[in-house]
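Peer 1: My structure is below; once you've seen it, I'll send some questions.
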Amino acid sequence: MSRSDLIEKAQVMDADGIRRSMVRIAHEVIERNKGVKDLAVIGIRTRGVPLAKRLAEAIRSIEHAEVPVGVLDITLYRDDLTIIAVQPVVHKTEIPFDINDKIVVLVDDVIFTGRTVRAALDALMDIGRPRSIQLAVLVDRGHRELPIRPDFVGKNVPTSKREVIGVRLNETDGEERVVIQELRNKSGAG
Amino acid sequence: MMGLRSKDLLGLEHLTREEIELILDTAVPCKQIFTRDIRKLPTLRGKTMVNLFYEPSTRTRTSFELAGKWMSADVINIVASSSSVVKGESLKDTVRTLESLGANIVVMRHSAAGAPHFLAKSVEAAVVNAGDGAHEHPTQALLDLFTIRERKGRIEGLEVVIVGDILHSRVARSNIWGLTKLGASVTVVGPPTLIPPEIEKIGAKVSYDLDEAIRHADVINVLRIQLERQKKGLFPSMREYVSLYGINRERLTRAKEDVLVLHPGPANLGVEITQEVAESHCSAISEQVTNGVAVRMAILYLVSAGGKRHEAAS
């Protein structure tokens, strides 16, 4: 499905908004965990990855301590592989550190049904046994289908199910903003 | 590029370059499972995979079995001697039975070229060719391509020599199709009696002089010699074969220093390749086994896609 199926309705965050949210989340992560000891940040592909790097960078500039960053690809853990229209491409998971007994902050751009996070939790459990896993998202758009909630949220954006949240980041999209879009017709629903 | 066009993987002849690259790219993350404590992915949970082998095979069958199990498929092995195949049940009957049992993927090896193609037309399950006669052995070629790409960083522009019994080799055919599609140049080398005349039509150059051919080779893929073929008079004597076409240390001194040596296994050490070369740093023979599982996992994932194919085909 191409982006042309989507009509942009409103912008909900600009570059400054995104930056401030990530800085605030960094402060909240540090506060919640009373520092950065045993902390690790893991981004879910695709757009969780640049956000995870930014979060780690923000934590570093606040606490002057390095936080390891990993990349998680959840494709092989998805529960919808036999029903979705287009088969997703599998990418590498890159977690170059031991996650056992770590406090892992999982990062994604948007939380919607919660199914991606479910897959990410299973994937992490197969890699090791973190002491705890916390969830940070830039946007919570509601409509959860599983009992999963984020610990840190950049912005809550109430949406209808026909709407789509578009997170655009410099690293992946060459621009920096969050928009609400709507599907032009039902045939493209995904 | 998303997914494969066909529900089956029957050979490299009809795959596009993009499809081959998709399989190789998908195998890269699949290979990561070797570095994990828990070698299990939920991807094929609830799917049934049948290994249907009409020819004996330990390596290929085990590799497929492991790939399926690591991705949580339920794997059934059927070998010709232990099934109703010996009672004369036809291919189609056997597979109808398997389909009634709920097979989603059938991995098939058969001595007749085209058997998996026949099967693929008659069943809904995805059919993966694990070797059909002297026709194709796509997963072996794909793991060879994967190994070459991993070691050399590319395939485009490489000079690849395939040496041995080209006439009877499905590995050679699949390799030639795959390598040429990805931009490598292929030369086949062997005794004239073991090189089919039509091989040049599928894009390979022919040479009977191994020492000359390997001088510019980046990769030498050494085929297994089927010792029983000597009885049929296809090559004069083992000693002559070894001296003209065997890969040994002395011969490799004429090749590039970083030449990569592959062998699909199991090798007749001292015949087509010496133990010394097989165990040297030039050889990727044990890596090929590992890569075989990764490539087969990628293929199982790619052939088990959902409802997209009918849409994509229309």
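The values are calculated or read from the model by the stated rules, or taken from the named source; none is laboratory data. What you see is a predicted model, and the numbers here were worked out from it, not measured in a lab. Backbone-built Cβ (ideal geometry, glycine too); neighbour counts: all protein chains shown. Side chains are part of the model used for accessible areas, which takes the heavy atoms of the whole protein and leaves out ligands, DNA and RNA. Shrake-Rupley method; radii C 1.70, N 1.55, O 1.52, S 1.80 Å.
Peer 1: Residue by residue through the range B:1-17, note down the ones that are within 12 Å of chain A (Cβ to nearest Cβ) and not basic (Lys, Arg).
Peer 2: B:Met1, B:Met2, B:Gly3, B:Leu4
Peer 1: When you check A:Gly114 against the structure, is it over 22 Å from A:Lys34 (Cβ atoms), open to solvent by less than 50 Å² (accessible area, probe 1.4 Å), touching a residue at least 12 places away in the same chain (Cβ under 8 Å) and in contact with a strand residue (DSSP E or B) (Cβ under 6 Å, 6 or more places away or on another chain), yes or no? It would help to see each step written out before you state the result.
Peer 2: Working: over 22 Å from A:Lys34 (Cβ atoms): yes; open to solvent by less than 50 Å² (accessible area, probe 1.4 Å): yes; touching a residue at least 12 places away in the same chain (Cβ under 8 Å): yes; in contact with a strand residue (DSSP E or B) (Cβ under 6 Å, 6 or more places away or on another chain): no.
Criteria not met by A:Gly114.
Peer 1: B:Thr43 - would you say it is within 14 Å of chain A (Cβ to nearest Cβ) and either open to solvent by 10 Å² or more (accessible area, probe 1.4 Å) or touching a His at 6+ places or on another chain (Cβ under 6 Å) (or both)?
Peer 2: Yes: the conditions hold for B:Thr43.
Peer 1: Moving to a separate point now. Looking at A:Asp109, A:Asp122 in this structure, which one is touching a residue at least 40 places away in the same chain (Cβ under 8 Å), out of contact with any strand residue (DSSP E or B) (no Cβ under 8 Å at 6 or more places or on another chain) and open to solvent by 20 Å² or more (accessible area, probe 1.4 Å)? Please lay out each step first, then the result.
Peer 2: Working: A:Asp109 fails: out of contact with any strand residue (DSSP E or B) (no Cβ under 8 Å at 6 or more places or on another chain).
On inspection, the qualifying residue turns out to be A:Asp122.
Peer 1: Tell me which strands (runs of 3 or more DSSP E) are completely within the range A:69-141 and hold 1 or more residues being within 14 Å of chain B (Cβ to nearest Cβ) and within 16 Å of the chain's Cα centre (by Cα), or say none if there are none.
Peer 2: On the way: elements: A:69-72, A:103-111, A:132-140.
Of the strands (runs of 3 or more DSSP E) lying wholly inside the range A:69-141, those with at least 1 residues that are within 14 Å of chain B (Cβ to nearest Cβ) and within 16 Å of the chain's Cα centre (by Cα) span A:69-72.
Peer 1: Kindly indicate which of B:Ile166, B:Ile162 is in contact with a Gly (Cβ under 7 Å, 6 or more places away or on another chain) and among the β-branched types (Val, Ile, Thr).
Peer 2: Just a single option satisfies the conditions, and that option is B:Ile166.
Peer 1: Do we have any residue at all in the range B:20-28 that's farther than 28 Å from B:Ile199 by Cα and open to solvent by 30 Å² or more (accessible area, probe 1.4 Å)?
Peer 2: Residues of the range B:20-28 farther than 28 Å from B:Ile199 by Cα: B:25-28.
Checking the rest, the ones that are also open to solvent by 30 Å² or more (accessible area, probe 1.4 Å) come to B:25, B:28.
Looking for residues that are farther than 28 Å from B:Ile199 by Cα and open to solvent by 30 Å² or more (accessible area, probe 1.4 Å), one finds at least one in the range B:20-28, hence yes.
Peer 1: Here is a check on your reading of the model: is A:Leu51 closer than 24 Å to A:Pro88 by Cβ, open to solvent by less than 10 Å² (accessible area, probe 1.4 Å) and assigned to a helix (DSSP H, G or I)?
Peer 2: Yes: the conditions hold for A:Leu51.
Peer 1: Yes or no: the range B:163-172 includes at least one residue that is open to solvent by 30 Å² or more (accessible area, probe 1.4 Å), under 19 Å from the mean Cα position of the chain (by Cα) and modelled with pLDDT of 95 or more.
Peer 2: First, the residues of the range B:163-172 that are open to solvent by 30 Å² or more (accessible area, probe 1.4 Å): B:167-168, B:170.
Right, trim to under 19 Å from the mean Cα position of the chain (by Cα) and you get B:167-168, B:170.
The next check asks that each one be modelled with pLDDT of 95 or more; those that pass are B:170.
Checked against the condition, which is being open to solvent by 30 Å² or more (accessible area, probe 1.4 Å), under 19 Å from the mean Cα position of the chain (by Cα) and modelled with pLDDT of 95 or more, the range B:163-172 yields at least one hit.
Peer 1: So, in the range A:75-106, how many residues would count as being touching a residue at least 12 places away in the same chain (Cβ under 8 Å) and open to solvent by less than 20 Å² (accessible area, probe 1.4 Å)? Explain how you work it out, then say what you get.
Peer 2: As a first pass, look at the range A:75-106 and keep what is touching a residue at least 12 places away in the same chain (Cβ under 8 Å): A:75-80, A:84-86, A:88-106.
With the extra rule that they be open to solvent by less than 20 Å² (accessible area, probe 1.4 Å), the set shrinks to A:75-77, A:90, A:99, A:103-106.
Residues flagged as touching a residue at least 12 places away in the same chain (Cβ under 8 Å) and open to solvent by less than 20 Å² (accessible area, probe 1.4 Å) within the range A:75-106 amount to 9.
Peer 1: What about B:Ser304, is it of a type outside the set (Val, Ile, Thr), within 27 Å of B:Val128 (Cα to Cα) and in contact (Cβ under 8 Å) with a residue 60 or more places away in the chain? Please lay out each step first, then the result.
Peer 2: Numbers: of a type outside the set (Val, Ile, Thr): yes; within 27 Å of B:Val128 (Cα to Cα): yes; in contact (Cβ under 8 Å) with a residue 60 or more places away in the chain: yes.
Considered against the rule, which asks whether it is of a type outside the set (Val, Ile, Thr), within 27 Å of B:Val128 (Cα to Cα) and in contact (Cβ under 8 Å) with a residue 60 or more places away in the chain, B:Ser304 comes out as yes.
Peer 1: Checking the conditions here, which among B:Ile273, B:Ile299, B:Ile285 is assigned by TED's automatic domain parsing to the domain that holds B:Lys69 and modelled with pLDDT of 95 or more?
Peer 2: Going through B:Ile273, B:Ile299, B:Ile285 in turn, the sole match is B:Ile299.
Peer 1: Among the residues of the range B:201-218, what is the count of those that are aliphatic (A, V, I, L, M) and either within 16 Å of B:Val242 (Cβ to Cβ) or outside the structural domain of B:Glu240 (by TED's automatic domain parsing) (or both)?
Peer 2: Here the count works out to 2.
Peer 1: Given the conditions (1) within 14 Å of chain A (Cβ to nearest Cβ); (2) under 17 Å from B:His137 (Cα atoms); (3) touching a strand residue (DSSP E or B) at 6+ places or on another chain (Cβ under 6 Å), which single one is not true for B:Ile23?
Peer 2: Just one mismatch for B:Ile23, condition (3).
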